[in-house]
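What follows is a set of notes on a single structure, which appears directly below.
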Amino acid sequence: CISWTWYLANDVQFTLILAPIFVYLIIRCWKYGLAFLVVLVCSAAISNYVLCLSIGCPAMPNSIDYFTQIYVKPYTRWSTYAIGLGVGWLLSQPSITHEAPVRRLRCNTLVFIPLLGLVLACGLCLSTVYGMYGIFSGVQVPLSSHMEAVQNSLSRPAFILGVAIVTWLCATGWIEPIRAFLSWLGFRMPARLTYTIYMVHPIVVMMIYFGQHTPILLNNLSIVSDQTV
């Protein structure tokens, strides 16, 4: 009935299983904890790659097989959760969060660090969102099956890694103007409502479309206008 809640099952498994294992390992030895995260990222990428090759999904898949066999599975999703765990642990270390501004003041010539981080983050995020535009618009030659599997297996970790870089730069004071903008009080209430809207809006969309008594003109404008009502 509410198929878009599939991620709740993954989130519960990650929180109750992966997070405690990581906390235990990181307390024992930080190298064990980080090795655990690396294993999660690599295993998820390999799982995506093998499964994409087995079912023959394109670089931007939109099929039932992809949704049921890859998209909703925890072992294809925990790489992004692992990256989040790693960033959270880094930001909990006083030597990183509290001493970074001091090091930055002592090394004013290293202005390339935030610039390099922002360029890398933008490159990772934008390439995953717009990187396949040329292929689907017919301008570029379609990818081989192996390259499509690589794109599917690395796109989500790459995007989250870009977000993680911006998070770290903001938390450690390297990009204060961007941090001030993102922490603006006006964003707090909409940010808290986004997940609720995500859970509810498909019901509204289905009521609008399934309640139509006339044929629907399906285009970009109608989709945007109907889903924002």
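One residue is enough: does region 157-170 have a residue meeting the conditions farther than 23 Å from A82 by Cβ and in contact (Cβ under 8 Å) with a residue 60 or more places away in the chain? Give the derivation first.
Narrowing region 157-170 to residues farther than 23 Å from A82 by Cβ: none.
Looking for residues that are farther than 23 Å from A82 by Cβ and in contact (Cβ under 8 Å) with a residue 60 or more places away in the chain, one finds none in region 157-170, hence no.
Could you count how many residues in region 142-157 are surrounded by fewer than 16 Cβ atoms within 10 Å (Cβ to Cβ) and within 14 Å of N48 (Cα to Cα)?
Applying the first criterion (surrounded by fewer than 16 Cβ atoms within 10 Å (Cβ to Cβ)) to region 142-157 yields 142-147.
Now narrow it down to the ones that are within 14 Å of N48 (Cα to Cα): 145-147.
Of the residues in that region, 3 qualify.
Condition (residue is modelled with pLDDT of 85 or more and surrounded by 14 or more Cβ atoms within 10 Å (Cβ to Cβ)) applied to region 130-141: is it met by at least one residue?
Kept after step one, since they are modelled with pLDDT of 85 or more, are these residues of region 130-141: 130.
Add one more test, that the residue is surrounded by 14 or more Cβ atoms within 10 Å (Cβ to Cβ), and what stays is none.
For region 130-141, residues modelled with pLDDT of 85 or more and surrounded by 14 or more Cβ atoms within 10 Å (Cβ to Cβ): absent.
A quick yes/no check of all residues on (1) among the charged types (D, E, K, R); (2) in contact (Cβ under 8 Å) with a residue 12 or more places away in the chain; (3) out of contact with any helix residue (DSSP H, G or I) (no Cβ under 7 Å at 6 or more places or on another chain); (4) surrounded by fewer than 13 Cβ atoms within 10 Å (Cβ to Cβ):
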{"residue": "W4", "(1), (2), (3), (4)": "no, yes, no, yes"}
{"residue": "L8", "(1), (2), (3), (4)": "no, no, yes, yes"}
{"residue": "F22", "(1), (2), (3), (4)": "no, yes, no, no"}
{"residue": "I27", "(1), (2), (3), (4)": "no, no, yes, yes"}
{"residue": "Q69", "(1), (2), (3), (4)": "no, yes, no, no"}
{"residue": "P74", "(1), (2), (3), (4)": "no, yes, no, no"}
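I need a count of the residues in region 1-39 that are among the small types (G, A, S) and farther than 24 Å from Y71 by Cα.
Of region 1-39, the ones among the small types (G, A, S) are 3, 9, 19, 33, 35.
Restricting the remaining residues to those that are farther than 24 Å from Y71 by Cα gives 33, 35.
Result for region 1-39: 2.
When region 210-229 is filtered for residues that are at pLDDT 80 or above and within 18 Å of S3 (Cβ to Cβ), only F210 remains.
In the condition set (1) closer than 30 Å to T196 by Cα; (2) loosely packed, with under 14 Cβ neighbours inside 10 Å, Q13 is compliant with all but (2).
The values are calculated or read from the model by the stated rules, or taken from the named source; none is laboratory data. Since the model is a prediction, treat every value here as computed from it, not as a measurement. Counting neighbours? That spans all protein chains shown, and the Cβs are built from the backbone with ideal geometry, glycine included.
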